[in-house]
Structure formats: structure tokens, C-alpha cells
Amino acid sequence: GPGPTCVLGIDLGTTSVKAALVTGTERGLALAQSCSRETQAHSDRLGAAPQGMEQDVQKIIRALNECLAALPQQQLQRVTHIGISGQMHGVVFWKSDKGCKWSEGGTGPAFEPDKVSHLVTWQDGRCSPTFLSSLPLPQSHVSMATGFGCATIFWYLKNSPDFLKAYDAAGTIQDYVVAMLCDLKKPLMSVQNAASWGYFNCRNKSWNTDILEKSGFPVHLLPEVGDPGSTAGRTACAWHGIPKGAKVGIALGDFQCSVYSCLTERTDAVLNISTSAQLTISMPQGFQPPEAPDPSSAVTYFPYFNGDYLAVAASLNGGNVLAAFVGMVAQWTQELGLEVQESAIYPRIIQAALAQKHSKLSVHPTIFGERHLPEQLASVSSIGASELSLGHVSRALCRGIVENLCSMLPVQQLEEMGVRRVLGSGSALARNEVLRQEVERIFPFPVVYGKDVDAAVGAAMVM
């Protein structure tokens, strides 16, 4: 026979694109193949907003095409369902009838972005606290923050209204990919991604259109919203050998998919450290978040699946802090007249930290602030003359990332909620043994680790 059918899971992350082929076996679902490609999509576009953080959509889709081209053709031809997740909060704009161009590639038809803006990511800092306070109060359980899709659209409305006139559709990067694959005339967004944009009421699953219209917000740009786990459509044509007519799920949040790939018991907590970091527990069935958010609370309630919610300490400081540290070391060596590649520095700092088991040095690593404390930056204390080695600093930095998460959702609270085990996921945790050591030192529970492609596998499992 032709072999078992496959489900393709895709995750469009902040730094890389991951694809996973999942097949059904007698024991349940199994990961057959996976692939990962760095996007290198960060854009320093001239004319971008101060504190702006944008990514080039062309480069993200190029990485996606490279990922799929690297997977076995035989198995891609057996794909019947596609699940797609990606970075939440961000927004990309496109022209609905000219969003992409299809062309024939080495592995079959593929698309490239056409009339598409840059992706303004969740890390975007253009919306200052003063600007955010000038916006109308949302009817939502989620506090507004810079980097949220609706806040970014408001920013364009007030600072660059002509920019918005060039487009008639918007969504997260994963919503864009789903819209292109299914040739959707109007984008479709899951409750998970809609909640991450702000101005969305999870109770009645609708945008705050009345509030937004009164402020002149371009509500025609808001996607239609559906339940996570539902089908968005079918592939409008063959794609990298995947047959035309394969079912495509509504795009999901990368974090929810990471959790879905590993969470089996309500007594599990999930710790995810990728570019950012999250610590989460699932709330009891039937739980509803408060109608209005507490802006000072470090815990947010994310819509999950089947009407359930996750209580999440969502930190803006994760693997990106380590990347900034590596970048700083590279810059210092360059200024000293030496040339060291960042890719060579990363394993060296991990090696140095592994050799340094303890450090009194204390690093509070919040160089990107936190949503509940946007003005708070990083600090280093307990600096002694004997604590200045690369090993001491790297060890303390890894410990600080984990401790910062625990300050947002304390261990005592986890114990009170019945947590018995921690499931670790995310690329930074998968690649960094020092981070894993600090997790095991700080949490008084057994820790079990997942894989680097958890979100892609989770997206496939949902299908």
C-alpha cells in the first residue's frame, strides 16, 4: 500500500520555522520526521518606528519553503491534514487578492509573499505606556500591551494612516499562511490569536467592534474568528507535493501548541523557554477569567482548547536574553580587535557555566521589561571580585531567567494548585544544559523534557 497517512505540523517562530510530520501508529501518534530552519528575518528597515521590531515575511516564508523541501517527498504526498501555529500578538498586513504568487519549485508548487507588509512582532516596543493609556479601554480579560496587534494598528492609524490604506487584510503570520494555502478571501483567526491581539472578548468570542469603531479603528481589517481545533479550509492547490484538498486547521498560538504536545495531567506545570519564556498550569474545567484584567498581575489567562484556559506567567525575557548576552560578548571582542562568530560563543558560555556550579552573583535579567512592569529593566547585584568570570556570569544569567519566571508564578502557588511535575519545552531549554540544571535546582518537582519541535508537533496533534 501507499503507507500511512501523515499530518504536517508547522510552527512559525520568532527565530526559526519548524515542521513536523506525524503519523498514526498502534500506540498513538508518532513523530516521523522533523526539520528546522532559522529565519534570520529580523529587519532594520529604514523608516521603521523607534523601538520597532519587524521581521521580513519573505524570509520567514523562504525558511518555511526550505523546511518543507527538506522533508521526504513520499511522506508529504500522504499528508491529509495541516496544523499551523506561530508567534502570537504580532500583525502582518496584505492585499487579499494579491497576498502571494504561486510558482513551480523543485518539490512542486510553492508560494512567495507579494503585496505583504513586514511582520510587526510581539517584541515591538513602539507603543509607549503613554500611547497605550490614550487608547479606549478594552472589554477583555487581557491587559493591552505594546506588540499586540490592535495596539499596533492604532499606532499606524495615529502615526501613519496612509500605510493602512494599502491593505485590506491583517492577521498573525500563521493566519497569513493559512489564508494563502486555502485562498481565503477574508482571514480566519482562532480565539487564541484573537485574544493575543487585545480588544477581543473571549466570553462571547467577538471583537470589541463598538468600542473600536468609536475611535475610528479600521475594523474591516479584523479577521473572522473561529474555535481552535476547527478547520479553516483546504489547500487550494498542491504545495511541495502535499495534495490539493488537504485539510488546513485554523492557525493556533505557538505556546498553546507547545503545551498541547506534552500536557496530559492537570497536575503538570509546563515550563517553556524559547525566545521568550512561559510557566503555565491548566485551570479547572469551567473556569472563566475575570471580566476585567488586573494590570499589575504577572499571570494572564490564555484561551486553550475546548473552552479551557491556561494560567500563564508569560515573560518577555527568555532565550532572547542569552542571545543579547552573546551579542554583547561578540561586540566587545570586536571592539578589542578580535573576530569571534556568535555561533562559536554560545557553546563556550554554556561550557564555562557548566564548569561553575555555584555563583553568588545575582542577575535580574529583565532587559526587555515585562508586560505587567514595562518600565522595569535588568540589574546585577552581589558582584564580588571572585564572581567576574564568564562562567559565573553565564551561570547567574541562566539562573536569573528561571528565577524571574518563578517570581511571576511562585513555586508555593504551584504546590497549592496541586502541581506534581514540571514538563520542560522550548528551543532554549532543549539546547542549554545550564538552564535545565537551574530548572531542576529551583523546582521541587520532577522535571521531564520535551523536544525542540514541540509547537509544530502540537499543531499536528490538534488536527
With θ set to phi - 60°, apply the Karplus curve 6.51 cos²θ - 1.76 cosθ + 1.60 along region 188-205 and write out the HN-Hα couplings as whole Hz, x wherever there is a Gly or Pro. 10, 10, 7, 3, 4, 6, 4, 4, 6, 8, x, 6, 10, 9, 5, 5, 9, 6
Amide H contacts of Val79 (H built 1.01 Å from N, under 5 Å, at least 5 apart or other chain): Cys6
Surface/4 estimate of mean projected area, convex hull on alpha-carbon atoms of region 128-169, nm²: 3.4 nm²
Of all DSSP beta bridges with both partners in the chain, the antiparallel percent, nearest 5, is 70 percent
Quick check: convex hull over the Cα atoms of region 266-449, volume per residue in Å³, rounded to an integer? 125 Å³
For the chain, what does the helix formula give at 222 nm: sum of -39500 (n - 2.57) over DSSP H segments with n ≥ 4, over the residue count, nearest 500 deg cm²/dmol? -9000 deg cm²/dmol
Please sort 368-374, 26-32, 456-462 by packing, taking for each peptide the average over its residues of neighbouring beta carbons within 10 angstrom, highest first. 456-462, 368-374, 26-32
With a 1.4 Å probe and all protein chains kept in place, how do Trp122, Trp94 rank by accessible area, largest first? Trp122, Trp94
Write down the accessible area per residue of region 6-250 in Å², having rolled a 1.4 Å probe over the full set of protein chains. 40 Å²
For the chain, with the dipole built from +1 on Lys and Arg beta-carbon atoms and -1 on Asp and Glu ones, taken about the Cα centre, which of Ser282, Gly233, Val120 lies farthest toward the positive end? Gly233
Partners for Lys98 among lysines (Cα-Cα distance below 23 Å; same-chain residues under 8 apart left out): Lys59, Lys115, Lys165, Lys185, Lys186, Lys244, Lys247
Relative contact order of the chain, pairs being alpha-carbon contacts under 8 Å that are 6 or more residues apart, as %: 17 percent
Sorted on mean Cβ neighbours within 10 Å (highest first), peptides 422-434, 353-365 come out as 422-434, 353-365
Select one label from [x] 176; [y] 246; [z] 153: the one whose number is volume of the Cα convex hull per residue in Å³ as derived from the coordinates shown. [z]
For region 238-244, in order, what is each residue's ³J(HN,Hα) by Karplus, 6.51 cos²θ - 1.76 cosθ + 1.60 with θ = phi - 60°, in whole Hz (x at glycine and Pro)? 4, 9, 6, x, 6, x, 4
Ordering of 202-208, 275-281, 54-60 by burial proxy (mean other Cβ atoms within 10 Å per residue, highest first): 275-281, 54-60, 202-208
Please list, ordered by chain and number, the residues whose modelled amide H lies under 5 Å from the amide H of Gly125; skip anything fewer than 5 residues away on the same chain. Gly52, Met53
Would you grab the residues whose amide H sits under 5 Å from the one on Gly226? Only those 5+ places off in sequence or on another chain, please, with H modelled 1.01 Å from N. Met189, Ser190, Val191
Along principal axes, Cα extents of region 6-250, largest first, whole Å: 54, 41, 29
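The values are calculated or read from the model by the stated rules, or taken from the named source; none is laboratory data. Just so it is clear, the structure is predicted and the values come from calculations on it, not from any experiment. We place every Cβ from the backbone using ideal geometry, glycine too, and count neighbours over all the protein chains shown. The protein model used for the area step is the full one, side chains on, heavy atoms only, and it has no ligands, DNA or RNA in it. Shrake-Rupley method; radii C 1.70, N 1.55, O 1.52, S 1.80 Å.
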